[in-house]
Amino acid sequence: MTENGVAKRLKVNGIVQGVGFRPFIFQLAEKYGLKGDVANTSSGVSIHIEGPAGKVASFEADLSAKSPPLAVIVEINSQRVAVKNYPDFTITKSKGESRTSTLISPDVSICDDCLAELLDPDNRRYRYPFINCTNCGPRYTIIDDIPYDRPKTSMRHFKMCAACQSEYDDPTDRRFHAQPNACAGCGPHVCLYDNQRNKISLKDPIDQAAELLKQGYILAIKGLGGYHLAADAANSDAVMRLRRRKLREEKPFAVMSVDLESIRRYALADGGEEKLLTSIQRPIVLLRKKNPSCLVKEVAPKNKYFGVMLPYTPLHYLLLKQGFTALVMTSGNLSEEPIAIDNDDAFNRLAGIADYFLVHDRDIYLRSDDSIVRNIAGTKRFIRRSRGFVPIPIFLKNEVPPILACGADLKNTICITQQDKVFLSQHIGDLENLATYEFLKLTAAHLRRILDIQPEIIAYDMHPDYLSTQFAREQEVTPKIQVQHHHAHIVSCMAEHKLEGPLIGLSFDGTGYGTDAAIWGGEILIAEEHDFERAGHLAYVAMPGGSAAVKAPWRMALSYLRDAYGEQFRELKLPLLTEIESAKLTVIGEMITKGVNAPMTSSLGRLFDGVAAICGIRSQVNFEGQAAMELEMLAADAAQSIYDYDWIAGDTVNVQPAPIIRGIVKDLQQGRSAADISAKFHQTLIRLFTDLCAVIGKDRGLDRVVLSGGVFQNSILLTGLTDALEKRRFTVFSHRQVPSNDGGIALGQAVVAAAISSR
Ligand code: ZN
Ligand code: ZN
Ligand code: FE
């Protein structure tokens, strides 16, 4: 051993397995001429390093500064130990222990090295659609159990050939211990079928698939986290056919293009958006449409945005390189069902939609939809957090007991906690059919297995009829803690920012069950983790027909008009009222007056719907939030003035929509455009809630405001309110790690339940 030698035991915690971490350590030890060993343990990576003190210090500095792209280091524990006089540096075999807290990596896009090899005719993996290495490829979707080793993944069915095995065994190789390592000689393959399950024998199924897409056929393509349905985005017949067969009338389709240059032909992307597009997670990024655009309007009708992504698997690249500006790549399902992952299941469910199937034989164990993000005010905001991000945990400010939180029924995700980490599941979907409910159960079981956690507490929504509530009740675990929906929203954002209450929470969304059994959604809360007080809310109005009013914003319009004008509203000269049959008007009017099948709501989402319908933007919707989204997109850039607004002070402030509605009607009667009215409506809400926060903040001595709930996917409102509140010296917090919509609510439920249980 070198003179003045020191030895250290380093324990590295985080996402450090299956990401090329040990080869990185090996090479780092070589670089500094240090001895010792490195091993995976159930709690991370353990390193013994010895040699001259200065070199050991450099090694430690590089360890965190230069770690591999997929590694996420959470903690390094460093201890002086006795020098053992190792002869060299080695990588030792995994030390399995019964309990593991190692983090599993998400699935990531093909890396630049692999992409270069894929397109290199001299490489042995030239055009091999499953090329990958320790820096890229599938992870979460192919893992069935822990520890993350090949026999616990869907690659167990493929025995590596000698060439692949030697890469896998070589610590200096990019494919050292790359569990999905494969080549054309030993790994998975793609095959093309027609929709009668007849195999089409060809030399190159991918070339043929591209040819079929060019001819206007619809293809089901097996990807990383599930099947996509693909069509040429420049072919309006093909896209229309896909809409008809998928029963999806207007909801935008995502598209995929081979590079940024192709994307620039139909959409506008600024620097921040390009960074999101090219990030290793490869999410769908919402980009403003170019006008005119070379993609057909049926891709995203009546929408100012396209959902765009770059290829993330080698197969995508091989397909897209055949000269498409963009392919529609929408999830392989009938609307509202989970996406297909299994080949049999895909043929059963998608044969009526797809003309051909591009299939492969690497199983997907857990489906994972594409993630969706939007760049708002220079920050990435999740609309859906799924493939590429799951299962990276959200870190809490303190440790909590093991909790399973069941989420809400729309955009459902669940989460499981482990010490100071929250593992939010991938997107499960709207719990409105049996298939999605089954997927919820499967995901919960899978998460428990791969995280090796037995939950001790169940957290769930207060809504008595939610399927997520039913799921919670079916669990044998007690205690079970009910969490109010809007409280959970605010606490999910507090958890992201490691905040403690009390603070002001603006919880704005479409629907959530209130403690008084009304439907809440325009809530001003004084929130702490364990409890909240309802400091104010939008005044209650009737929702004629209950959930039918969500699908038919004209019903909400009538409710707000009646609230503002009384029974005289029928005399108003408004295009909306002349369009509705008089008998219908009478029926809805009576529902409201008599309170028959007309639950009360304070939802801001519904106010957006109502205003959209009054302005004649939309009186029926095809998906939740569509009217509100179109109202936002229509808004003129600047508002000249704002509408009068009013609230009734008291223990619980009652915000009145009536003056705003009267202002809008007056503008409409004077011929103002919907674009101007929308801009003015947004500015009114910003001023109103800023003023209200100022009053409440002064009253209670609070200077922090948290913004959460699905309404904050609205960029005008999110940026406008943040700016206005900051001008009044509030510190404002909004979501960065989880969606503001119900896709992030499980996080809040878990933290509320932990706070309640610790009291
Ligand atoms: Zn790679
Ligand atoms: Zn091979
Ligand atoms: Fe919500």
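FYI, it's all coordinate maths here, none of it is from the lab. Just so you know, these numbers come straight off a predicted model, no measurement behind them. For neighbour counting, all protein chains shown are included, and Cβ atoms are generated from backbone atoms with ideal geometry for every residue, glycine included.
Find the relative contact order for segment 190-372 and round it to a whole percent, using C-alpha pairs within less than 8 Å whose residues are 6+ positions apart.
36 percent
Run through segment 582-644 and list the trypsin sites (Lys or Arg not before Pro) located in a DSSP loop whose Cβ has at most 14 other Cβ atoms within 10 Å.
Passing both the DSSP loop test and the Cβ count: no residue.
Determine the sum of side-chain charges near HIS530: Lys and Arg each +1, Asp and Glu each -1, restricted to other residues whose C-beta is under 14 angstrom from that of HIS530.
Every neighbour counted, the sum reads -4.
Please go through segment 574-651 and write out the chymotrypsin sites (Phe, Trp or Tyr not before Pro) that DSSP classes as loop and that have at most 16 other C-beta atoms within 10 Å.
PHE623
Go ahead and run the numbers for FRET between SER279 and SER758, Cβ-Cβ distance against an R0 of 51 Å, rounding to 0.05.
Efficiency, from the Cβ-Cβ distance: 0.90.
So how much slack lies between ALA583 and LEU202, counting 0.36 nm per residue of separation and subtracting their Cα-Cα distance, in nm?
Contour length minus the Cα-Cα distance gives 130.9 nm.
Among 545-556, 159-170, 76-87, 373-384, how do they line up from the highest to the lowest mean number of other beta-carbon atoms within 10 Å?
Ranked by mean Cβ neighbours within 10 Å, highest first: 545-556, 373-384, 159-170, 76-87.
What does the convex hull of the Cα atoms of segment 190-372 come to per residue, in Å³, rounded to a whole number?
Per-residue hull volume (Cα only) is 104 Å³.
Can you give me the long-range amide H partners of ASP369? Hydrogens built in the peptide plane at 1.01 Å from N, cutoff under 5 Å, separation of 5 or more residues or another chain.
Long-range HN contacts for ASP369: ARG387, HIS427.
Expressed in nm to one decimal, what extension gain is obtained for the pair THR478 and ARG244 from 0.36 nm per residue of sequence separation less their Cα-Cα distance?
Residue separation times 0.36 nm, minus the Cα-Cα distance, leaves 79.6 nm.
Using all C-alpha to C-alpha distances in segment 5-91, build P(r) with 10 Å bins and read off the rounded percent in each one.
In whole percents, the pair-distance histogram is 19, 59, 22, 1.
Using alpha-carbon positions, what is the distance between the centroids of segment 39-85 and segment 534-596, in Å?
Each part's Cα centre sits 66 Å from the other's.
When a/c reaches 1.5 or more, the comparison of a/b and b/c decides; with that in mind, is segment 377-511 rounded, prolate or oblate per its Cα gyration tensor?
Rounded, because the longest to shortest axis ratio a/c is under 1.5.
Considering every Cα-Cα pair within the chain, what fraction, in whole percent, is farther apart than 40 Å?
Summing the P(r) tail past 40 Å for the chain gives 38 percent.
If you count, for each residue, the other Cβ atoms within 10 Å and average over each peptide, how do 512-518, 726-732 line up from highest to lowest?
Highest to lowest by the protection proxy: 512-518, 726-732.
Net charge near PHE439, counting Lys/Arg +1 and Asp/Glu -1 over other residues with Cβ under 10 Å of its Cβ?
0
Taking each full run of DSSP H in the chain as one helix, which ones are at least 30 Å long along their axis (Cα atoms) and have mean Kyte-Doolittle hydropathy of at least -0.5?
Counting only whole DSSP H runs, the qualifying helices are 674-700.
Which aspartates and glutamates, on any chain, are close to LYS31 with Cα under 16 Å apart, when same-chain ones fewer than 8 places away are left out?
GLU50, GLU60, ASP62, ASP88, ASP173
As a check on your grasp of the helix formula, calculate [θ] at 222 nm for the chain: sum -39500 (n - 2.57) over DSSP H runs of n ≥ 4, divide by the residue count, round to the nearest 500.
It lands at -9500 deg cm²/dmol.
Run through segment 52-157 and list the GluC sites (Glu not before Pro) located in a DSSP loop whose Cβ has at most 14 other Cβ atoms within 10 Å.
Listed in order of number, the matching sites are GLU97.
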